[in-house]
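Every number here is computed from the coordinates shown, using simple stated rules; none is lab data. As the structure is a computational prediction, the values presented were derived from the model and not from experiment. With ideal geometry, Cβ positions are generated from the backbone for all residues, glycine too; neighbour counts draw on all protein chains shown.
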């Protein structure tokens, strides 16, 4: 049994998006807003998995895994 706490947007997901990531996507949606990220989570997951987001370099495998885990847990707040 694991003692891992559940993932949450404010603590685990939002900090992975830098100010420049937010600025780059702001015309479409806000990467710092739970509602926006949850609504676009599948598309974001696909982009971080294939390395096309963020635009200046891929996330680490561990970052992708955290985002994917958050998504598979139902994108909890």
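Across the stretch 9-72, counting alpha-carbon atoms alone, Rg and Dmax equal 10.5, 28 Å. For the chain, the 222 nm mean residue ellipticity estimated from helices alone, with every DSSP H stretch of n ≥ 4 adding -39500 (n - 2.57) and the total spread over all residues, rounds to -12500 deg cm²/dmol. For a Förster distance of 25 Å, can you work out the FRET efficiency between the beta-carbons of residue 77 and residue 46, rounded to the nearest 0.05? Efficiency, rounded to the nearest 0.05: 0.70. Taking Cα atoms only, the orientation of helix 41-50 departs from the longest principal axis of the chain by about 80 degrees.
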